[in-house]
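A quick write-up on the structure given underneath.
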Amino acid sequence: MILFESSDAMRQWSTSQRQHNRTIGFVPTMGFLHDGHLSLVDHARRHARVDSVVMSIFVNPTQFGPNEDFDRYPRDRARDETMARQAGVDVLFLPDIEDIYPAGARTFVEVEGLGSIMCGASRPTHFRGVTTVVTKLFNIVLPHVAVFGQKDAQQFLILHRMARDLKLDIDMRMAPIVREPDGLAMSSRNVYLNDDERRQALCLSQSLMIARRLIEDGKTSTAEIIDAMRSHVGAHSLARPDYVTIRDLDSLDELHVVKKPMLVALAVYIGKTRLIDNWIYT
Ligand code: AMP
């Protein structure tokens with residue numbers, strides 16, 4: 001596995017791969033890797049069949065709000081390097097903040113509308129930070145294919161729209177959510193949870209299963225499905241919902257009546273930790 005810490009070195013490598021007609025798959029992450037991240041590497045190789053996989057690890061300050069967890073976001077470079085190597089990552093790109101945001105940087109990329117709802121309602125600058133950093137990383141890594149997780153479905157839909165709107169020549173792919181054996185969606189932030197919180201965190205995936213069962217039983221009113229999900233979350237003393245919503249998968253408009261393809265998504269504070277999860281009905 002090759003390690004690059006500078007964007008110049010990274011881009012030189014990618015340029016030479018392209019000159020040799022070798023395809024590049026790209027998996028951007030914030031590190032503290034888990035099997036969810038590694039599944040994206042596998043997806044790039046197996047489904048997108050790229051010649052090499054580049055993974056970036058960059059805890060991006062612009063996607064954190066002023067009172068969020070940027071400073072305490074978990075980081076473990078040595079462990080990440082080992083895991084990435086074992087997963088068959090070809091190039092690990094670890095830029096520093098000054099490289100990605102040189103002094104005086106004033107340019108942001110924003111997808112209007114989609115970034116101010118759902119997670120964007122409580123994190124108003126979050127998606128602008130994501131679209132900006134992913135654009136910069138795309139311009140450095142020069143990928144043919146980029147793979148993201150359904151865990152952050154809104155993020156993927158926004159990035160997909162950005163790629164389309166900006167005419168980026170990148171195949172944008174979304175890979176399924178990887179879960180712990182008991183159903184909790186894997187997340188770097190799960191380390192924040194104490195034992196009680198870890199148990200109660202199951203209310204997210206469980207409420208998605210409730211939604212799924214209601215829909216499979218023929219329920220069509222999204223308000224009733226959302227009520228059932230909220231009351232399940234509400235039965236957990238450490239859980240406080242940020243949002244529970246059912247939306248059209250493309251426009252992210254709220255749906256009143258069940259209609260495929262749709263996104264059932266929720267964000268819940270478990271103690272002080274904000275967790276997200278979703279299910280796509282197709
Ligand atoms: P992060 O490091 O949290 O920014 O995530 C980096 C990438 O990994 C994003 O595309 C996420 O959607 C994806 N990801 C995070 N958790 C999971 C998971 N449990 N299953 C699948 N993909 C995930």
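The values are calculated or read from the model by the stated rules, or taken from the named source; none is laboratory data. This one's a predicted model, so the numbers in the text were calculated from it and none came from an experiment. Quick reminder, even Gly has a Cβ in these numbers, built from the backbone with ideal geometry, and neighbours come from all protein chains shown.
What number of residues within segment 85-106 are farther than 16 Å from residue 59 by Cα and hydrophobic (A, V, I, L, M, F, W, C)?
5
Listed here are the residues, each with its yes/no results for (1) crowded, with 18+ Cβ neighbours inside 10 Å; (2) within 23 Å of the chain's Cα centre (by Cα); (3) modelled with pLDDT of 95 or more; (4) among the basic types (Lys, Arg).
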| residue | (1), (2), (3), (4) |
| --- | --- |
| 196 | no, no, yes, no |
| 205 | yes, yes, yes, no |
| 209 | no, yes, yes, no |
| 220 | no, no, yes, no |
| 228 | no, no, yes, no |
| 243 | no, yes, yes, no |
| 246 | yes, yes, yes, no |
| 272 | no, yes, yes, yes |
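Output the residues belonging to segment 181-194 that are in contact with a Leu (Cβ under 8 Å, 6 or more places away or on another chain) and away from the ligand (no atom under 12 Å from the Cβ).
182 - this is the single residue of segment 181-194 that is in contact with a Leu (Cβ under 8 Å, 6 or more places away or on another chain) and away from the ligand (no atom under 12 Å from the Cβ).
Any chance you could count how many residues in segment 154-180 are assigned to a helix (DSSP H, G or I) and within 8 Å of the ligand (Cβ to nearest atom)?
Result for segment 154-180: 2.
Could you say whether any residue in segment 102-118 is within 15 Å of the ligand (Cβ to nearest atom) and part of a helix (DSSP H, G or I)?
no
Return the only residue of 127, 138, 148 being modelled with pLDDT of 95 or more and in contact with a Ser or Thr (Cβ under 9 Å, 6 or more places away or on another chain).
Of 127, 138, 148, the one residue that is modelled with pLDDT of 95 or more and in contact with a Ser or Thr (Cβ under 9 Å, 6 or more places away or on another chain) is 127.
Kindly establish whether residue 8 is outside any loop (DSSP other than H, G, I, E, B), without any contact (Cβ under 8 Å) to a residue 24 or more places away in the chain and among the charged types (D, E, K, R).
yes
Here is a list of conditions, (1) more than 16 Å from the ligand (Cβ to nearest atom); (2) modelled with pLDDT of 95 or more; (3) within 27 Å of residue 158 (Cα to Cα), and residue 250 meets all of them except one; can you say which number that is?
The single condition residue 250 does not satisfy is (2).
Any chance you could count how many residues in segment 27-48 are closer than 15 Å to residue 74 by Cα, among the small types (Gly, Ala, Ser) and either more than 7 Å from the ligand (Cβ to nearest atom) or surrounded by fewer than 19 Cβ atoms within 10 Å (Cβ to Cβ) (or both)?
0
Touching a helix residue (DSSP H, G or I) at 6+ places or on another chain (Cβ under 6 Å), outside any strand (DSSP E or B) and among the hydroxyl-bearing types (Ser, Thr, Tyr) - does that describe any residue in segment 190-208?
Yes, there is a match, as at least one residue in segment 190-208 is touching a helix residue (DSSP H, G or I) at 6+ places or on another chain (Cβ under 6 Å), outside any strand (DSSP E or B) and among the hydroxyl-bearing types (Ser, Thr, Tyr).
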